[in-house]
Each structure stands twice: as C-alpha cells, then as structure tokens.
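The values are calculated or read from the model by the stated rules, or taken from the named source; none is laboratory data. Quick caveat: nothing in here was measured; it's all calculated off a predicted structure. Please note: Cβ atoms are built from the backbone with ideal geometry, for glycine as well, and neighbour counts cover all protein chains shown.
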Amino acid sequence: MGNEINREEITLKGIPASPGIAMGPAFLIETEEPAVHRRQISDEEIPNEISRFEDALIQTRKEILEIQKKISEEMSSEHAEIFNAHLLVLEDKMFLEEVISRLRKEKFTVEYILVDVIKKYIKVFSRMDDEYLKERISDIDDVGKRILRHLIGQQRQDLTKLKEKVIVVAYNLSPSDTALMHKESVLGFVTDIGGRTSHTAIMAKSLEIPAVVGLEKVSRWVKNGDYLIVNGNEGIVIINPREETLKKYQEELLRFEEFTRRLEGLRDLPAETLDGYRVKIVANIESPQEIPSVLAHGAFGIGLYRTEYFYMNRKDLPSEEEQYAAYRRVAIQMAPHSVTIRTLDLGGDKFVSQLDIPYEINPFMGWRAIRFCLARPDIFKTQLSAILRASLDGKLRLMYPLISGIEELQQANRILREVKEDLRKRNICFDENLEVGAMIEVPSAAMISDILAKEVDFFSIGTNDLIQYSLAVDRVNEKIAYLYEPAHPAILRIIKNIIDSAHSEGIWVGMCGEMAGEVLFIPLLLGLGLDEFSVSPVTVPEIKQVIRSMTISQAKEIARECLTFSTSEEILKFLRLKLKEIVPEVIV
Amino acid sequence: MRKIKKKIVVRNKQGLHARPAALFVQVANKFDANIVVRKGTLSANGKSIMGILMLEVGPGTEILIEAEGEDAGEAIVALEKIVLEEEPELIR
C-alpha cells in the first residue's frame, strides 16, 4: 500500500458476478477508445484506405482464431463459442459494405468511419428490449475495437503477461479479455458496466475468479496500485481499505478458504452422521462428460442420469448401439458405484422435433415421460435393451419417470420382461439382478406408494414435479412463484408418507429433485429417513459436511418438530436456526 | 435472373434471435442469390447477422423473404425450413 495509506477508504456497491473474496493491488487496463480524428481524404487515398481496412480485417480474424484456439485448449469449447459470434460480426456483409460505401461517399479516414458505424450499431442494439440482443453489443464493440487497434497499430495491455498478482480494473472487459486472464496472476476483477448473466460474468465463474461488475465509476475512482478488496459474494469493492476493514476481510478470507479446504477434504469420506448412521450422496447428470466433476466432488454414484439429451437436436432417433455405448461408458467410469438411469422423460418442458408430439395446452399433465414410452414401445424397448446390455459393465439401475398408478408400472415392467426374454433368446447376457425403481413425482403415486412399493426395488422422489402437482403451482410461471414452497407442510407429509411406506415394504428411497440439494433441508430429509440424496455435483461436499456434523437422533428430532408446524415460514425459520447450530459456516 | 418472394410466419420458438439467426445467416451465405428479409417497412440483408438481429423478429411475426439469383428457389426452401421449424438443428 505504501504511500497510498493516506487515501480515504471508499466502498462501492455493484453486481456480484463471481463468488469469492480477493485482495490486492489494482491494475487498470486502458479501456478508453484510442483517439480517432475526423480527417477528410482525397479520391486517390480511397483505395489505400480500403486496403488498410481489409488488412486490419485479416489481422483481426487471425487474432480471434488464435484466441479461440487457446481457449478451447485451456478451457471448454463452450467458451470458445463466444468467438464464433465475433467472427460472424467480423464477416458481416452489411457491416463491411456500410464501412466501404460510406468511405467512398464521405471520404473520411477508415478509422473515423469504422468508429461511427460501430457506434450506430451499438445505439440500435441498446434500444432493443431483448436481453440476448443487448448482450450482442459487447460482441460488436469488442470486434470494432480490435479492428481499430489493428488499423492504428496499437496493442492492448496483454493480460497473459502480468508479472504480479493483481486485481484487474476496467470500464468493461470483453469476453476475450476474461478468457485471457490466468488465475495465477489475476486475483479478481471489477468493471464499470456489465450484468450478472453477461459472458464475462459466466467466464469469471468458470475460472473461479471473484468478480464484481456494474460498479459504474470504479475505473475512474481507482488509480494503478491502489489496494482493493473484491467481495464477489456480495458485490462490494473497497478501495484503499482502512486497517480494521482489511483485518476483517483477511479473517473472512481465511475462514472462507478454510471452509473450502475442509469441504475438499471430505471427498473420500462417507456421508455418515456423528453416531455412525450412513446415507448415500450421489449426483444428477445429463451427459457422461460430467463424470469427472462427479468424482472430483466425492459423489459415490449417480442417482439420476437423464437420457433426454440423446433425443434432442437431431433428426433421427438414437440407435440401441449408440445408447449402449454411452451407458456402458458411464457404467465403467463410475464402477463400483451405482448409476441410476432414468428412462426417457420427454414432454413437459422437454421436446424433440423428430417425434412429432402434438402441441398441448397443458404439457406438464400431458402425453409425456412413461405415458409416451408405453404408447411407443418400439422407442422404449430400444432404450431398455441398451440399458440391460450395458448392465454387465458396472452397477446400473433403471427407473421410470412420472408413474401415476399401478397399471402403468406393471405395464412398464411387462415390457422390460419382454426385452429381457428377447435378450436371453439372442444369448446376450445382462445383470439379472438389475434394480428397477419408480419415480414418485405424481401425488397419486405418493398416496399409493405402499402399493407401488411391491412392484419395484426402490423409489426416487422427484420433488420438482411433486411440488408443482401437489400445490397446483406451475413452476415456470413467475407470477405464482411465491407459492412454490418445498417446505409446505403438505409436501413434508407427502415425503414422510412415501419414505414410511417404502421402508415398511423393505425398499429404499432416494430423492433427485432440487430439494435434496438444498443444504437447509438436509437435516429434515435425513430425519425423515431418506436413504439416498441425488444432487448436482458441486453441492455434494457441503451436504456431506452437514450430515457429518450431526447425529441421526438430532435429525429425527428436527423432522418430528418440523411436522408440527403449520406454515412453510415457520418450518424454514426453524430449519435455518438448526442449521446454524449444526454448521455455523454454512451460508444460507 | 429468378426472383422469388415468400411470406412466412415465424414458428421458431426463439424467433430469429440468437442461434436461429446465426443459422439463418450461415445458410443464406451458402447461396449466390441476393437475400432480403422484410418485416413491415423494415428490411435487411439476409446474409448479415446484424441486419437480421436488427429486424427483431419474434416468434409469430410475419416476414417476407426475397431471393434473387440462379439458386433463389433452393435458397428460399432452405431458409423457410429454419423459420418454420420450432427448434432447428445447428449446422456446423
């Protein structure tokens, strides 16, 4: 800090874009546009200006392709995709023609015309209502500045060559700026503009760099070398903090790091209570690509492998071989842990074009999931056959979505038997003990769970739909979002009923909805007797931490108490209080 | 030179925004024909992503696609498909 010590502490409030706390010296990057003068040119200069423009375009294209290559090597291809948008802008016919034709007509330098054309586009796009279109401004701006820098022969501060650890301060960071940042040298970043869902924010999150955006004037307040605190959890930036502020944050940072480290240390430990009661924490996945993350976060299996993505974005139906190869890969990679495959759950909010599912007014209650599969046994059998064949390579299970009555379950099981019979005839082996489960997400199924339990090996509670159907609340309708209450006393009773009837029939129960991944509900669900929690990979450590910090008798007491309340509010308040007692570090 | 015009109501769920717009432009650029998209009194070069985005074509909007050139017929067929499909597949 040195001579900056006399400067006053300033606190700015912005938008939290990426969590974490960072402290360090500020590094201001020049984001002001290079000065471009309005200079008239002669007719003879026109061809030269055009060829300068063309050269700059070629250079820019080269530059973008290089960055794109670098990013897809270091990060994911998803992030590299942003640059496809940049290339589209760079190659845009209307844009290029406009620059050249105005250059010919108005006879100003190409720099001046370019800046003016870009300005015009930005103005038009910023007037649009659509969030997506508004965000294209940063693509246009980014490309425009790149071309301009090549025209003037000026290079931007290279973020890849930073020598010390800094906090980057800028008016705006383009996605390509963030992409070039290295975690080793960039502690955090803060910008004047930008929103929570901008590409820049998304990149910061995936790089795990704390960031605050939308600070309005931060780039004008901060001088190079000022000491900064970036609180990406709350969206706060403190410039030149006083001793006591700094101390407070240093302590908080230590606590935060300590907590993260402890969570990492939990990876190989089981989800076991202090008094030795064990449950299973498994993960929800959509594609085999997520398996490394599942294992890294210490999930002991997969509780929900969604298979819809096979059927999406394509013209034909996935073959048995293709599905077999994918299921087999997942089974092998996860072995000896179990993988629960959910059979096709189309409809509701998930559609595929090639199947020609007619438009429905009420799709969540329509022709979907198991209903669709039973009507199209050809598609269903292909999937079942692929799952059965892959079952030899690991520990697979399968479950049917949206079961609403016993007949459906029996019919699905009958089709499964036919597929097994067919495989036996063809001398193809499979796991004869493959466990079969039913998802309980329709209130009618929950009510007759004692009857359904006789037909399956396990239940998996799908809370998202169960809550929506039980409370008659469309979960995509924002106007009634306040009614979507996982802690509604009715939901608690329904869950208790499902678990109790399953246990008295001797089968186990998992949960794969959002509710299982909410730290707040863990003590309650544990106390109700849930056997398996299937959650998104990143939440696994925190949930383990909660379970490992309490006893099963404590959990049962909490569950008992919760069932006595009459409102969701009381239940939530009570759970928050209890959770604070169990794990004070958890933020809810 | 062939010139073909076709009025279409956009069925694509996102309208001609985001990826569908990019797809539209990619496909348009494969043809030699000049392509113009009109919405009301506004018009844009069908081969320009910025032009298409600036038209702000939402789902359910009526647009007019004009193609002029030897392969105008094929161009119209290909572009119409993107606009009419609810979730067009991306071509890479």
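Couple of notes before you dig in:
- Qualifying residue in region B:13-33 (condition: away from every other protein chain (no Cβ under 11 Å), under 26 Å from A:GLU97 (Cα atoms) and surrounded by fewer than 16 Cβ atoms within 10 Å (Cβ to Cβ)): yes
- For region A:81-114, a tally of residues being surrounded by fewer than 21 Cβ atoms within 10 Å (Cβ to Cβ), in contact with a Lys or Arg (Cβ under 7 Å, 6 or more places away or on another chain) and either outside any helix (DSSP H, G or I) or more than 12 Å from chain B (Cβ to nearest Cβ) (or both) returns 3.
- Cβ separations smaller than 8 Å between residues 6+ apart or across chains give the following pairs from region A:267-278 residues that are farther than 7 Å from A:ARG548 by Cβ to residues that are outside any loop (DSSP other than H, G, I, E, B) and of a type in the set (Asp, Glu): A:ARG278/A:GLU272.
- A:ILE332, sole failed condition from (1) out of contact with any helix residue (DSSP H, G or I) (no Cβ under 6 Å at 6 or more places or on another chain); (2) surrounded by fewer than 19 Cβ atoms within 10 Å (Cβ to Cβ): (1)
- Taking region A:122-230 and the helices (runs of 4 or more DSSP H) fully enclosed by it, the elements with 1 or more residues that are touching a helix residue (DSSP H, G or I) at 6+ places or on another chain (Cβ under 8 Å) and at pLDDT 85 or above are at A:131-152.
- Residue pairs whose Cβ atoms lie under 6 Å apart, separated by 6 or more positions or on different chains, with the first residue in region B:54-67 and away from chain A (no Cβ under 11 Å) and the second charged (D, E, K, R) and in a loop (DSSP other than H, G, I, E, B), are B:PRO59/B:LYS13.
- Whether a residue is crowded, with 18+ Cβ neighbours inside 10 Å and out of contact with any strand residue (DSSP E or B) (no Cβ under 6 Å at 6 or more places or on another chain) was assessed, and A:ALA386 passes this test.
- Considering residues of region B:34-53 that are small (Gly, Ala, Ser) and surrounded by 15 or more Cβ atoms within 10 Å (Cβ to Cβ) only, the residue farthest from the other protein chains (Cβ to nearest Cβ): B:SER43
- Helices (runs of 4 or more DSSP H) within region A:472-569 that include 3 or more residues over 29 Å from A:GLU258 (Cβ atoms) and touching a residue at least 60 places away in the same chain (Cβ under 8 Å): A:489-504
- The condition of being under 29 Å from the mean Cα position of the chain (by Cα), part of a loop (DSSP other than H, G, I, E, B), under 30 Å from A:LEU492 (Cα atoms) and not aromatic (Phe, Trp, Tyr) does not hold for A:LEU398.
- Single residue of A:LEU528, A:LEU572, A:LEU520 found to be over 24 Å from the mean Cα position of the chain (by Cα) and surrounded by fewer than 20 Cβ atoms within 10 Å (Cβ to Cβ): A:LEU572
- Residues of region A:432-454 satisfying the condition of being over 14 Å from A:VAL509 (Cα atoms), modelled with pLDDT of 95 or more, over 30 Å from the mean Cα position of the chain (by Cα) and not small (Gly, Ala, Ser): A:LEU434, A:MET447, A:ILE448, A:ILE451
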